[in-house]
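Colleague: Before anything else, here's the structure in question.
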Amino acid sequence: MVSIDVWNASVDFPIFDAKSRSLKKLALGKVGGKIGSEGRVPIIEALHDITLHLKHGDRVGLVGHNGAGKSTLLRLLAGIYEPTRGSQRIVGKVAPVFDLGVGMDPEISGYENIMIRGLFLGMTRKEMEKRVDDIAEFTELGDYLSMPLRTYSTGMRVRLALGVVTSIDPEILLLDEGIGAVDAAFMAKARERLKDLVKRSGLLVFANHSDETLLDFCDSAIWMDEGRVKQHGGLREVLTAYKGHDPFERMTPEQIARLGYSSPVLSGNGGE
């Protein structure tokens, strides 16, 4: 069974050339946390004393303001960052989806990028060859798939990246916000594929600012604040504490019904 266990983990980033205050601000904005010090070297305390135990079947949303440490936590869970202090154990194959454009080459064709992006996400060449036709049909890019990626609009690139990402079979799926700009009709189509992707994954951790998206994909949540876990519990309970109101209060009855809820009564387990 897949699992993620983190014990009292902290992630620090020393700034060795911190003469410029703007440099410290730039780094802090990218990783979150607070600036401390170790001797004369400023330290960005990106994550502090994180303890988490996630298991197969968990669908966890990450919430918090920009710079709260959500993206850094995802990178810790992916094994990209090692804990400065504490420890972690990850059981299962991780598929980190932090930037839809990562692993794509603007000078080669859409078809070639399908293969490269799939390999980047941990699939084999044979696995991707079996998925090419399905991805091509989903993207609706037609002859453009034979053209270099640099000829694509932003929306077309997002279509291609979504087609590849939603075709994989991840054991542990880590999603960071950044789906990008595509037309509403295509996004509705992509949402259904994302749901299927989540169903196929053993464990999901999803950083997102949209209450509706989190309610659609997750059932629990972690509230990050200044690199710490402020609250971990049922999704609606955490969203209510974070936002200061029940998220359903600002949704239409149609939105609530689409999410599978019949009333906006707050419960701690994310649903009825």
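Colleague: Does Leu215 satisfy the condition of being part of a helix (DSSP H, G or I) and either at pLDDT 90 or above or under 16 Å from the mean Cα position of the chain (by Cα) (or both)?
Modeller: yes
Colleague: Return the total of residues in the stretch 66-115 being surrounded by fewer than 17 Cβ atoms within 10 Å (Cβ to Cβ) and part of a strand (DSSP E or B).
Modeller: 5
Colleague: Take the residues of the stretch 238-272 that are modelled with pLDDT of 85 or more and buried (at least 19 other Cβ atoms within 10 Å of the Cβ): which is farthest from Val11 (Cα to Cα)?
Modeller: Residue satisfying both the conditions and the ranking: Phe248.
Colleague: Among the listed residues Gly155, Gly101, Gly79, identify the single one that is at positive phi and within 22 Å of the chain's Cα centre (by Cα).
Modeller: After applying the criteria, what remains is Gly79.
Colleague: In the stretch 122-142, which residue that is aliphatic (A, V, I, L, M) and not in a helix (DSSP H, G or I) is nearest to Ala188 (Cα to Cα)?
Modeller: Leu141
Colleague: Kindly indicate the residue of the stretch 167-182 that is of a type in the set (D, E, K, R) and farther than 22 Å from Asp133 by Cα and also modelled with the highest pLDDT among those meeting that condition. I'd like the intermediate steps shown before the answer.
Modeller: From the stretch 167-182, those of a type in the set (D, E, K, R) are 169, 171, 176-177; that's our starting set.
Subset that is farther than 22 Å from Asp133 by Cα: 171, 176-177.
Numbers: Glu171: 94, Asp176: 87, Glu177: 75.
Per the criteria, the residue is Glu171.
Colleague: Are any residues in the stretch 183-228 in contact with a strand residue (DSSP E or B) (Cβ under 6 Å, 6 or more places away or on another chain), under 26 Å from Gly244 (Cβ atoms) and β-branched (Val, Ile, Thr), and if so, which ones?
Modeller: Val205, Ile222
Colleague: Take the residues of the stretch 148-166 that are modelled with pLDDT of 95 or more and assigned to a helix (DSSP H, G or I): which is nearest to Gly57 (Cα to Cα)?
Modeller: Among them, the one singled out is Leu149.
Colleague: Quick one: which residue in Leu145, Leu119 is at pLDDT below 95, in a helix (DSSP H, G or I), in contact with a helix residue (DSSP H, G or I) (Cβ under 9 Å, 6 or more places away or on another chain) and of a type in the set (A, V, I, L, M)?
Modeller: Unique residue meeting the criteria: Leu119.
Colleague: Looking only at the stretch 217-237, filter to residues that are within 17 Å of Gly57 (Cβ to Cβ) and in contact with a Leu (Cβ under 8 Å, 6 or more places away or on another chain); which one of those is surrounded by the fewest Cβ atoms within 10 Å (Cβ to Cβ)?
Modeller: His232
The values are calculated or read from the model by the stated rules, or taken from the named source; none is laboratory data. The shown structure was predicted, so the numbers you read here are calculated from the model rather than taken from an experiment. Here Cβ is always computed from backbone atoms with ideal geometry, including for glycine, and neighbour counts include all displayed protein chains.
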